[in-house]
Amino acid sequence: MEFKIALLPGDGIGPEIVTEAVKVLNVIAEKYSHTFTYETALVGACAIDATGNPYPDATHEVCTTSDAILFGAIGDPKYDNDPNAKVRPEQGLLRMRQSLGLFANLRPLAVFDSLIDRSPLKREIVQGADFVCVRELTGGLYFGKPQGRSEDGNTAYDTCVYTRVEVERILHLAFGIARNRRKKLTVVDKANVIATSRLWRQIAKEIAPQYPDIEMEFMFVDNAAMQIIQRPTYFDVIVTENLFGDILTDEASVISGSLGMLPSASVGAKVALFEPIHGSYPQAAGKNIANPMATILSAAMLLEHLELRKEGQAIRNAVNKAIEAGVLTEDLSSEGEAHSTTDVGNFIASNI
Ligand code: IPM
Ligand code: MN
């Protein structure tokens, strides 16, 4: 089959990890007789440097004319350390999510047996953990208006907004995912304090009867933050609003041993975007040390989304082989045993 894939490497380690994922995709194409054509576009700090805009129109055009998007990472310290910057790289990712209608971010958490001892958590706690966090991606504090500063600069405000339509669609999606898994859905909120959470709860209760086979429960986000670490095997599907999902999934990555292992899929409208959950890790950029596995696993999710299931599985198997063989970057290996980004990519590509 023929597919056009948009490549958005972005900033920091983004280009290096996307290069490894493309290497793997090319082997898949050859082995399974597909044609993947790629078009690369700018997003983030590199797009600001080149055009002044973190998500240029040309990039949007590449995305909307592709079958799927593979995204690397975004962010640059020169903006992180400048609270007055008018244009920020992260705006590129947010605009992209919003303008492509990507309202749901699916973040599966899996534990790899041979990495269990890499987790700072005890083996008996993390073994068997297998859940997916469904993070709402285009609402809440990230997008609510007004947002800004008072004239004297001494007051800042963000607004958390959710509409019924936004809440209903993400909950339906989460119930649907739970239906294909262990049929348990945890709605994470802060309904004891904030109004948007109470709307989420109300709508979840209204919708639940349409899914009588799913066991639904509510959990406050502070409690969820604790339970994810204390009892990760308890969860099957978690659904939550944008900021809670952002925070809880970085936390959850600790279970798998490294933030460099967690892929994600952002879905909603026509074209879907696949991205590692980690950031641009600027300290590692250009050093050939970053873990490419989250991006390679995102490529597996991309193929599965295009209904290329065997192909996605082939990538997963090759990643497992690399893990078992100890072909791992420094975030996961003992001192002196670290492999480079390209080594890990080459090993996975040659084991497809
Ligand atoms: C993520 C990232 C982004 C987010 C940043 C880079 C805007 O942390 O994808 O989790 O907060 O959504
Ligand atoms: Mn994040």
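Based on C-alpha pairs under 8 angstrom that are at least 6 apart in sequence, the stretch 203-284 has a relative contact order of 17 percent. Across the stretch 234-260, the residues whose backbone nitrogen lies under 12 Å from the label position 7 Å along the beta-carbon direction of GLN147 are 242-243. With a 10 Å cut-off between alpha carbons and a GNM built on the chain, which of ALA300, ALA174, ALA322 moves the most? Greatest mean-square fluctuation among the candidates belongs to ALA322.
Evaluating 6.51 cos²θ - 1.76 cosθ + 1.60 at θ = phi - 60° for every residue in the stretch 85-90, the Karplus couplings come out as 4, 7, 10, 10, x, 4 Hz, glycine and proline recorded as x.
In this structure the amide hydrogen of LEU328, modeled in the peptide plane, comes within under 5 Å of the amide hydrogens of HIS339, none closer than 5 places in sequence on its chain.
Note on THR163 and TYR38: their simple-model spin labels are 3.8 nm apart, each label 7 Å out from Cα toward Cβ. Here the Karplus relation 6.51 cos²θ - 1.76 cosθ + 1.60, evaluated at θ = phi - 60°, turns the backbone of the stretch 339-348 into coupling constants of 9, 7, 4, 5, 4, 5, x, 4, 4, 5 Hz, with x for every Gly and Pro. Note: relative contact order over the chain, using C-alpha pairs below 8 Å and six or more positions apart, is 22 percent. Is the shape of the stretch 120-256 rounded, prolate or oblate, going by the alpha carbon gyration tensor and its root eigenvalues a ≥ b ≥ c, with a/c under 1.5 for rounded and a/b larger than b/c for prolate? Oblate. Loop-resident trypsin sites (Lys or Arg not before Pro) (DSSP state other than H, G, I, E or B) in the stretch 1-93 with no more than 11 further Cβ atoms inside 10 Å of their Cβ: LYS86. Loop exposure criterion: GluC sites (Glu not before Pro), DSSP state outside H, G, I, E and B, at most 11 other Cβ atoms within 10 Å. Applied to the chain, the longest stretch between such sites is 152-306.
Take the solvent-accessible surface of the protein heavy atoms, probe 1.4 Å, and return the percent of it on the chain that carbon and sulfur atoms account for. Taking all protein chains in place, the chain shows 52 percent carbon and sulfur surface. Figure note: MET226, MET1, MET293 ranked by solvent-accessible area, largest first, 1.4 Å probe, ligands and nucleic acids not counted: MET1, MET226, MET293. Eigen-decomposition of the gyration tensor built on the alpha-carbon atoms of the chain gives equivalent ellipsoid semi-axes of 30, 26, 21 angstrom, largest listed first. Based on alpha-carbon centroids, what's the gap between the stretch 213-270 and the stretch 88-155 in Å, whole number please? So the separation of the two Cα centres works out to 9 Å.
Derived scalar couplings between HN and Hα for the stretch 241-256 equal 6, 3, 5, 4, x, 4, 6, 5, 7, 5, 4, 5, 4, 4, 4, 7 Hz in order, rounded to whole Hz, by the Karplus curve 6.51 cos²θ - 1.76 cosθ + 1.60 (θ = phi - 60°), x for Gly and Pro. Under 5 Å between amide hydrogens, built in the peptide plane, is the criterion, and for PHE220 it picks out ASP189 among residues at least 5 positions away or on other chains. Only DSSP H runs of four or more residues enter the estimate; each adds -39500 (n - 2.57), and after division by the residues of the chain the mean residue ellipticity at 222 nm equals -12500 deg cm²/dmol.
The values are calculated or read from the model by the stated rules, or taken from the named source; none is laboratory data. Just so it is clear, the model here is predicted, and its values are computed rather than measured. We place every Cβ from the backbone using ideal geometry, glycine too, and count neighbours over all the protein chains shown. Surface areas here come from the heavy atoms of the whole protein model, side chains and all, with no ligands, DNA or RNA. Shrake-Rupley method; radii C 1.70, N 1.55, O 1.52, S 1.80 Å.
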